[in-house]
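The structure under discussion appears below in the form of structure tokens.
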Amino acid sequence: MDFILLGLQQLADPMVFLTMCIGAILGVIVGAIPGAGAAVTISILLPTTFSMDPLTGMTLLLGVYCGSAYGSAIPAVMINTPGSPVAVLTALEAKPFVERGEARRAMSLAYSSSFVGGVLAVLALMLLTKPLAEVAKNFGSAEFAMLAFAALVLVVIGHGGRRVEATAALAFGLFLATVGIETAYSTQRYSFGQSWLIQGIPLVPMVIGLFAMSEALIQLTGRDTTRQTVQLKGHFFSGFLEIFRYKVTLFGSSVFGIICGIMPGVGEFLAQQVNYVWARKLSKEGHLFGKGAPEGIIVSEATNNAVPPAALIPMLALGIPGEELTAMMLAVFLVHNVIPGPDLFLNRPEFVAGLYWTLLAMNFVIILFLLVATNTIARAALINKRFLGVAIMTLSLIGTYASNYNFSDVGLAMGFAVLGYILRSHRWPLTPILLGVVMGPILENRFRQAVGGAGGDLSIFVTRPISAIMLAGLCILLFFTIRGALKARRPREDWQINDT
């Protein structure tokens with residue numbers, strides 16, 4: 001009860017509550033603008049949060065993160081254009097609804113299933129994070145090193161048909177993490193005598209350049225198309241009743257999204273795609289998927305809205321970010337000297353309790369805002385791409401300079417912008433680069449501590465039970481992943497041989 005009251009006290013802070021509302025509403029709006037999205041907005045806002053207290057800064061970023069998951073459904077339904085990749089399946093299922101004149105019903109299903117998925121994920125965050133942190137208290141350097149290594153491997157596995165590119169991007173990120181002063185012996189690595197590289201690659205310019213400015217270049221060089229939006233009439237409350245006709249799909253998708261959120265490297269898109277395939281196979285109305293099935297919208301929206309809160313579980317309990325947005329948020333922790341992990345609940349209980357309640361209240365703020373402002377927000381989806389690109393680029397340059405008042409940071413961000421643009425143009429993933437930069441020091445330091453404590457004996461990773469179990473599980477996962485990839489290639493190779 002003391003913990004609950006402590007969280008409510010944090011939520012009652014006018015600054016925290018106002019920031020939560022601003023972040024949630026901003027997240028909905030940017031989610032509704034194709035090409036903006038949470039990653040771009042969070043990277044631009046990141047320098048701003050450094051001047052706030054930790055809870056206020058995290059609340060702002062989490063509001064954008066969660067709100068964008070709701071908002072991406074608006075253009076998916078109303079102009080058949082996903083606001084983000086995770087809304088592709090929503091757009092697919094919503095199109096027949098719109099053609100039947102049931103756009104409001106599709107939007108109602110999307111909102112209600114998003115709300116249920118988001119609330120259940122926050123409840124899971126409240127229930128699972130502290131027990132996981134208690135388990136993590138038994139971890140030593142070997143376990144944390146193995147956990148960091150497993151997270152990086154899962155990042156690669158999670159990229160499906162782009163695993164080679166993801167591996168290369170991850171290796172590049174790990175290389176960038178080695179730049180600067182090496183902590184054990186205070187020697188410089190890859191700084192080439194440049195004073196601005198002694199402290200390593202600055203995270204904020206890299207994030208802004210790689211995600212925000214590269215997206216601006218994509219928008220500036222892309223072609224704009226004429227789009228029209230559907231006007232929705234009536235209320236959205238019917239969907240809150242209809243979704244409970246599909247309880248198994250609704251709660252199953254939410255639980256699946258929570259599990260995928262906890263697993264590093266999976267993310268909303270992969271969780272949604274996998275869950276959609278299984279839901280179609282298991283549903284009695286699976287033949288209707290892709291043709292305007294209510295269950296299709298429920299699967300898509302409940303899954304992708306359950307992932308964001310669940311992704312905070314490993315970061316808060318273990319200090320391990322699972323995907324790009326939680327990796328960005330980790331910067332807020334580090335700037336304020338708030339160290340996520342098992343000791344966070346002991347050292348900063350007010351921060352954790354406040355985070356829980358702001359996340360829960362955030363879902364109610366978002367849904368109330370959507371119920372009254374959907375038609376107005378939909379107009380944001382029609383914004384000209386080049387105007388959007390100029391706005392993103394301008395805000396990115398201002399944010400980069402304001403983070404450290406250093407023009408070298410601006411130049412670095414522009415370099416990463418060009419790199420990000422090239423990689424995006426060739427469909428290379430950017431997330432492994434960021435996770436490599438963030439996770440590299442964790443893996444290196446924990447590995448050095450583990451091996452040093454064992455007198456150089458690498459067998460410590462298999463003699464300690466928890467580390468050995470994680471390694472065994474990772475080996476099994478790699479075996480089945482490689483086996484599946486070889487099976488997927490075999491028919492193609494046979495066809496090429498026969499054709500020859």
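Quick look at the values:
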quantity	calculated
For R245: the one exception among (1) over 24 Å from H159 (Cβ atoms); (2) open to solvent by less than 20 Å² (accessible area, probe 1.4 Å); (3) among the charged types (D, E, K, R)	(2)
Matching entry among P96, P75 (being open to solvent by less than 10 Å² (accessible area, probe 1.4 Å) and over 23 Å from F256 (Cβ atoms))	P75
Lone unmet requirement of (1) within 19 Å of the chain's Cα centre (by Cα); (2) polar (S, T, N, Q); (3) under 27 Å from L318 (Cα atoms); (4) open to solvent by 20 Å² or more (accessible area, probe 1.4 Å) for S68	(4)
When residues of region 41-61 are limited to those that are modelled with pLDDT of 85 or more and outside any helix (DSSP H, G or I), the one most open to solvent (accessible area, probe 1.4 Å)	D53
Selected residue (only one of P349, P309 is crowded, with 21+ Cβ neighbours inside 10 Å and either of a type in the set (A, V, I, L, M, F, W, C) or in contact (Cβ under 8 Å) with a residue 24 or more places away in the chain (or both))	P309
Count of region 99-138 residues which are closer than 27 Å to A373 by Cβ, surrounded by fewer than 21 Cβ atoms within 10 Å (Cβ to Cβ) and of a type outside the set (A, V, I, L, M, F, W, C)	4
Count of region 455-470 residues which are open to solvent by 50 Å² or more (accessible area, probe 1.4 Å), hydrophobic (A, V, I, L, M, F, W, C) and in a helix (DSSP H, G or I)	3
Filtered residues of region 1-24 (kept if hydrophobic (A, V, I, L, M, F, W, C) and open to solvent by less than 60 Å² (accessible area, probe 1.4 Å))	L6, L11, V16, M20, C21, A24
Residues satisfying the stated conditions in region 243-289, i.e. under 16 Å from T90 (Cβ atoms) and not in a helix (DSSP H, G or I)	F289
Selection count, region 69-107, where residues are more than 14 Å from T303 (Cα to Cα), small (G, A, S) and in contact with a helix residue (DSSP H, G or I) (Cβ under 8 Å, 6 or more places away or on another chain)	8
Residue in region 359-382 that is most open to solvent (accessible area, probe 1.4 Å), counting only those that are polar (S, T, N, Q), touching a residue at least 24 places away in the same chain (Cβ under 8 Å) and farther than 22 Å from L55 by Cα	N375
Count - residues of region 266-292 that are of a type in the set (G, A, S) and surrounded by fewer than 24 Cβ atoms within 10 Å (Cβ to Cβ)	4
When residues of region 335-345 are limited to those that are modelled with pLDDT of 80 or more and part of a helix (DSSP H, G or I), the one nearest to M52 (Cα to Cα)	L344
Conditions (1) closer than 28 Å to F461 by Cβ; (2) modelled with pLDDT of 90 or more; (3) not β-branched (V, I, T): number failed by A121	(1)
Count - residues of region 315-326 that are part of a helix (DSSP H, G or I) and surrounded by fewer than 24 Cβ atoms within 10 Å (Cβ to Cβ)	1
Residue that is under 30 Å from F17 (Cα atoms), basic (K, R) and touching a Ser or Thr at 6+ places or on another chain (Cβ under 8 Å), where the choices are R379, R348	R379
Residues that are more than 20 Å from A36 (Cα to Cα) and either in contact with an Asp or Glu (Cβ under 6 Å, 6 or more places away or on another chain) or crowded, with 17+ Cβ neighbours inside 10 Å (or both), drawn from region 383-426	S403, D409, V410, L412
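The values are calculated or read from the model by the stated rules, or taken from the named source; none is laboratory data. What you see is a predicted model; the values in this text were computed from it and never measured. Every residue, glycine among them, receives a Cβ derived from its backbone with ideal geometry; neighbour counts consider all protein chains shown. Accessible surface areas use protein heavy atoms only, side chains included; no ligands, DNA or RNA. Shrake-Rupley method; radii C 1.70, N 1.55, O 1.52, S 1.80 Å.
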